[in-house]
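Structure first, commentary second.
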């Protein structure tokens, strides 16, 4: 019988995996030379050892064994469990690395090449030859075609590889990192530093006489608080955070928040002096320095009103067109008023309004280590600055928190190309032995015009710097010629010098002083800690330098955040975030409409058994917040198109409303003096006339005529007013966005006080059993009890409990204050909160949010 034919090798996946594991566990061997000199052996093993060995030769002869052992240990560890790109750290993992060998580091390319599936590449068409170089489309043309319906930031490619991107406000912006980073980003903003590219914000420049610019800003800016014409802002040493309205329509016509910067001016008292630590300079050198400083700043003529000034106004991109048109209207009104005035009718004034979008790059660095990040990433040309700037820069590295820096302080200076000093080294806080590490050293540098001057204001300077003089490959070639590898490049004369602006930034409410600071500790289990305000810097650099500064800032160890992280910072700091927390304007309406469409589509995709039944939840309109119903201007809602039943319990007002209520315009009382206005009208028996007089007083402050009583009466003004509040739950629970805020009756409010309050006269007695909070939470709200809505609600990581920011009607806010006085708890303003997808109502305390 003939022998059997040899069976073909088993190429199944199971056998392939076994062979792979076996190969990974095999140690390579080699016939080695001993490296020991020949010596006659003896019977005794000890005497058989040589007297001496050549260590170098012995190690060289065993190098193959050592290398084979190390390689076998590494292969056995990862050969059967991890693929090549799975061994990379999370910040280096890319989706393209799973099918492109060159997207993994060099040390793993051989392994990844062996793990590639050739059949998969053929199916995907990877094996097809590429087009010739002469027929390939240029990369710039490809990127231009992809930006037809939106714009990219200069750092778009870096963010697109690491962040989730969406189209927002005409840009392609980063929403959040792809890795799990919600809590780490919060920790970075509280204990470290986090970076956000805010170059998508709009920028408008105004040029004209100071008298005209002051009138323009007074016509359209919020009159509550310090105005843009105050001395602290007019000199250009500080920026102003305010809100802008349509020209002459305050308190109506709210547009949104803006940030205003005046270009600094040089006066005799603030003329720059030679550096204190520099050698003695000649008169020619001092004149040259003063001449250059005057060029960076604006000179001051004899008449301050006639001098030409420059203003930068930064605003959110969704309101850019509205702000631009409002400024143009305000310019026309101001010029017409000056022509009619007797003192200025003979003079000729003009104002230039310039759109400077995409002319600068803006980076927001938030956290206590932001000063060390800035100090490590930037290298200023200290030889060209005064001793005042040197004092500032030396103290910046030891700054533990920018909260000790004057608010919105502006520092202008010139830095070297950050690529010359790459990789940067983070500065470290060095404290003296007698200083405690938990106590911040007081800031000794104060705002001044010499610190605020910068060349970045000049258009010609920005145009020259739009394209860097040297590319990265040119700098790498210079770096390769350094005698010591890894050292920084020495700046040369042709290297770029980049002017920048550094502005102190704080994420906090308009007035961080809370009314809870003066309350007793036992007041209804009130949280005694203040809002965790966040502080940092805003760095403004010219166009074309986004990526060089971004890479240097990131290399210092700071995290990078998107829109989600920026909004969460405002939420944790207890500050309202635009446009999410600002109802009654067009930007909020657009935001609410987009959110409603997304929520409704997500709800419709779920089967009926897995989605919320809004009829059972007694929610008439689950997609938007009906603010006119909260104000009492509408009696019922129109319902939704989700097919839910219409015979449901109404949570809206049922009382008959007069026909004139349809003409009442909702408006938001917002600003640093909003608390004082509410306190003043709360003491009056008739708050409506008091509110009208307060508003007219603010309008007269900006030289605006009082409101026309024929179109706006006192009762309608009070009825349409909304006020920002912070909502803190008394017990458990977490409020969500668009949650309902209800008013409490006196009987129910007393029960909630007894359920959560301490023992004593204001709470429950010693022998009394307190009410059950769970039973109180199941009591349905009465008809017409809704007084407002939550605009931002979530679990607060810094507070450790549910927290929300919302808005309620001013009328009901005053009634809540009166109710607290009747119950003997003057500082506990109680409401009830219910999420739109639930029936449980929980007691909460409200407070001012200015």
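Data table
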{"quantity": "Whole-Å distance, taken between Cα centres, linking the stretch 681-760 and the stretch 221-261", "calculated": "24"}
{"quantity": "Zone residues, the stretch 393-420, relative to residue 478, backbone N less than 13 Å from point 7 Å out along Cα-to-Cβ", "calculated": "416-420"}
{"quantity": "Ranked packing of 717-723, 155-161, most packed first, by mean Cβ within 10 Å", "calculated": "717-723, 155-161"}
{"quantity": "Sorted peptide list for 217-224, 707-714, 445-452, 323-330, criterion being average Cβ within 10 angstrom, highest first", "calculated": "217-224, 445-452, 323-330, 707-714"}
{"quantity": "The stretch 830-849 and the stretch 80-110: distance between their alpha carbon centers, rounded to Å", "calculated": "49"}
{"quantity": "For 194, 319, 779, order by how many other beta-carbon atoms lie within 10 Å, fewest first", "calculated": "779, 319, 194"}
{"quantity": "Neighbour-count ranking [beta-carbon atoms within 10 angstrom, fewest first] of 58, 422", "calculated": "58, 422"}
{"quantity": "Ranked by how many other beta carbons lie within 10 Å on average, peptides 621-629, 821-829 from highest", "calculated": "621-629, 821-829"}
{"quantity": "Burial ordering of 837, 772, fewest other beta-carbon atoms within 10 Å first", "calculated": "772, 837"}
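Throughout, read-outs are computed from the coordinates displayed, never taken from laboratory work. Just so you know, these numbers come straight off a predicted model, no measurement behind them. No Cβ is skipped: glycine too gets one built from the backbone with ideal geometry, and neighbour counts run over all protein chains shown.
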